[in-house]
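The values are calculated or read from the model by the stated rules, or taken from the named source; none is laboratory data. What you see is a predicted model; the values in this text were computed from it and never measured. Quick reminder, even Gly has a Cβ in these numbers, built from the backbone with ideal geometry, and neighbours come from all protein chains shown.
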Ligand SMILES: C[S@@+](CC[C@H](N)C(=O)[O-])C[C@H]1O[C@@H](n2cnc3c(N)ncnc32)[C@H](O)[C@@H]1O
Ligand code: SF4
């Protein structure tokens with residue numbers, strides 16, 4: 001593909017994403033009961049993981065019923081309406097077929113953004129996958145929770161920092177040629193808070209963004225509703241101190257939504273983070289089951305990342321039938337009644353697809 005064809009393709013994907021955002025946002029005002037197609041997919045590829053992170057429920061979850069490669073290949077054509085695909089886990093690279101799934105999703109869906117979050121330890125497999133699928137829409141997120149001692153302690157596995165940084169070191173020189181983007185997901189905890197400057201320098205040395213986040217509970221433990229089980233911060237006794245430490249540090253993702261989207265992305269990201277830390281769980285106009293679809297590794301479609309109540313399973317029904325079912329409508333009612341959560345990325349995307357860009361647009365009383 002020539003540079004100009006690739007550029008045109010990128011413009012087309014971006015135009016499609018922004019059109020979908022505009023349509024969802026305006027229809028949300030004109031006819032709030034209208035349900036768009038899913039535009040953002042949170043797709044959990046497996047709960048398997050070689051790490052033992054203190055904060056994470058994934059490695060405790062049953063993990064022997066993941067969709068097979070063939071089932072993924074049957075699912076992917078049903079996901080053509082997605083602008084943004086997030087490939088998550090568990091550890092996506094615990095699957096030997098991860099690169100095949102990425103390549104097929106890129107070929108068939110051709111999304112605006114494909115974001116994959118990894119612990120970065122499967123160095124060879126990750127480098128090979130990026131070599132195969134790297135393009136400007138690919139955002140690779142490698143999680144590093146602090147400097148070596150902090151990270152290895154939090155991940156529960158010796159040498160995990162060395163493995164993740166080795167991966168970043170090998171990927172860094174490939175960025176310019178392939179055009180993909182890299183970010184380090186950095187969890188801000190009482191231990192890592194004093195390491196922000198060193199982490200910023202580390203990320204810069206790889207040409208990566210440093211993207212701060214806070215650990216919450218419940219997280220990936222199959223809980224059913226924030227109403228029964230409200231989320232709270234963990235590993236962080238003083239969230240305000242974290243906010244102060246992060247203030248004016250120019251962190252965050254430049255690349256969550258690239259270029260023209262950059263300024264808006266920064267505004268939205270920063271504000272959500274500040275609001276969450278100051279106010280705790282936020283009620284917002286959530287787009288779960290409207291623009292956002294969330295799938296577990298065994299094909300279950302669930303309400304959202306916090307409320308794992310099942311809506312259907314793509315092993316039993318096409319996604320479009322699940323999306324238009326009475327069960328999905330009941331799930332949407334759960335979302336409307338939700339007291340709120342600390343899922344910053346869902347909040348940010350909800351603002352974009354719901355057209356709710358400024359904090360003044362928040363309407364916590366809306367159901
Ligand atoms: C669940 S992991 C899955 C991908 C991969 N295994 C990894 O570690 O990057 C996705 C992201 O969630 C973060 N995470 C872990 N525990 C968390 C928690 N309790 N709250 C919020 N994020 C958490 C990880 O640091 C990582 O950046
Ligand atoms: S955060 Fe990632 S690496 Fe850590 S246990 Fe969870 S899935 Fe594994």
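Which residue is surrounded by the most Cβ atoms within 10 Å (Cβ to Cβ), if the candidates are limited to the range 108-130 and must be within 25 Å of residue 17 (Cβ to Cβ) and within 16 Å of ligand 2 (Cβ to nearest atom)?
Initial filter on the range 108-130 (within 25 Å of residue 17 (Cβ to Cβ)): 108-118, 129-130.
With within 16 Å of ligand 2 (Cβ to nearest atom) added as a condition, the list becomes 115-118.
Working: 115: 23, 116: 26, 117: 18, 118: 24.
Once the filter is applied, the top-ranked residue is 116.
Exactly one of these conditions fails for residue 84: (1) over 18 Å from residue 129 (Cβ atoms); (2) near ligand 2 (Cβ under 10 Å from one of its atoms); (3) crowded, with 22+ Cβ neighbours inside 10 Å. Give me its number.
With respect to (1) over 18 Å from residue 129 (Cβ atoms); (2) near ligand 2 (Cβ under 10 Å from one of its atoms); (3) crowded, with 22+ Cβ neighbours inside 10 Å, residue 84 is out only on (2).
Any idea which of 142, 133 is more than 12 Å from ligand 1 (Cβ to nearest atom) and either within 24 Å of residue 57 (Cα to Cα) or surrounded by 17 or more Cβ atoms within 10 Å (Cβ to Cβ) (or both)? I'd like the intermediate steps shown before the answer.
Values: 142 fails: more than 12 Å from ligand 1 (Cβ to nearest atom).
Unique residue meeting the criteria: 133.
Would you pick out the residues in the range 96-107 that are surrounded by fewer than 23 Cβ atoms within 10 Å (Cβ to Cβ) and either within 12 Å of ligand 1 (Cβ to nearest atom) or under 15 Å from residue 138 (Cα atoms) (or both)? Talk me through it step by step, then tell me what you get.
First pass over the range 96-107, keeping only residues surrounded by fewer than 23 Cβ atoms within 10 Å (Cβ to Cβ): 96-97, 99-100, 102-104, 106-107.
Those that are surrounded by fewer than 23 Cβ atoms within 10 Å (Cβ to Cβ) and either within 12 Å of ligand 1 (Cβ to nearest atom) or under 15 Å from residue 138 (Cα atoms) (or both): 99, 100, 102, 103, 104, 106, 107.
Restricting attention to the range 212-221, does a residue exist that is farther than 22 Å from residue 277 by Cβ, modelled with pLDDT under 90 and either within 16 Å of ligand 2 (Cβ to nearest atom) or touching a helix residue (DSSP H, G or I) at 6+ places or on another chain (Cβ under 8 Å) (or both)?
Start the filter on the range 212-221 by keeping residues that are farther than 22 Å from residue 277 by Cβ, which leaves 221.
After this cut, where a residue has to be modelled with pLDDT under 90 as well, the list is 221.
Imposing the further condition that a residue be either within 16 Å of ligand 2 (Cβ to nearest atom) or touching a helix residue (DSSP H, G or I) at 6+ places or on another chain (Cβ under 8 Å) (or both) reduces the set to 221.
Looking through the range 212-221, at least one residue is farther than 22 Å from residue 277 by Cβ, modelled with pLDDT under 90 and either within 16 Å of ligand 2 (Cβ to nearest atom) or touching a helix residue (DSSP H, G or I) at 6+ places or on another chain (Cβ under 8 Å) (or both).
Taking the residues in the range 44-82 that are part of a helix (DSSP H, G or I) and modelled with pLDDT under 95 as candidates, determine which candidate is nearest to residue 112 (Cα to Cα). Talk me through it step by step, then tell me what you get.
Within the range 44-82, the subset part of a helix (DSSP H, G or I) is 58-60, 69-79.
If we keep only those that are modelled with pLDDT under 95 as well, we get 58-60.
Numbers: 58: 27, 59: 30, 60: 33 Å.
Once the filter is applied, the top-ranked residue is 58.
I'm told residue 85 meets every condition in (1) more than 10 Å from ligand 1 (Cβ to nearest atom); (2) part of a loop (DSSP other than H, G, I, E, B); (3) in contact (Cβ under 8 Å) with a residue 40 or more places away in the chain except one. Can you identify the failing condition by its number?
(2)
Within the range 119-188, considering only helices (runs of 4 or more DSSP H) that don't extend past its boundaries, which have at least 3 residues that are under 21 Å from the mean Cα position of the chain (by Cα) and either closer than 24 Å to residue 233 by Cβ or at pLDDT below 95 (or both)?
Values: elements: 123-133, 148-155, 160-171, 175-178.
Those helices (runs of 4 or more DSSP H) span 148-155.
Here's a check for you: in the range 149-161, which residue that is surrounded by fewer than 16 Cβ atoms within 10 Å (Cβ to Cβ) and more than 17 Å from residue 188 (Cβ to Cβ) is nearest to ligand 1 (Cβ to nearest atom)? If you could, list the steps in order and put the result at the bottom.
If we filter the range 149-161 for residues that are surrounded by fewer than 16 Cβ atoms within 10 Å (Cβ to Cβ), which is where we start, we get 149, 156, 158-159.
Filter once more, so that each one left must be more than 17 Å from residue 188 (Cβ to Cβ): 156, 158-159.
On the way: 156: 12, 158: 16, 159: 15 Å.
Going through the qualifying residues, I end up with 156.
Please state which of the following conditions residue 276 fails to meet, knowing it meets all the rest: (1) within 16 Å of ligand 1 (Cβ to nearest atom); (2) at pLDDT 80 or above; (3) crowded, with 20+ Cβ neighbours inside 10 Å; (4) under 24 Å from residue 296 (Cα atoms).
For residue 276, the exception is condition (4).
Within the range 50-67, track down each residue that is within 11 Å of ligand 1 (Cβ to nearest atom), closer than 23 Å to residue 84 by Cβ and in contact with a helix residue (DSSP H, G or I) (Cβ under 9 Å, 6 or more places away or on another chain).
The answer is none; no residue qualifies.
Among the residues of the range 187-211, which ones are touching a residue at least 60 places away in the same chain (Cβ under 8 Å) and farther than 11 Å from residue 146 by Cβ?
Listed by number, the residues that qualify are 208, 211.
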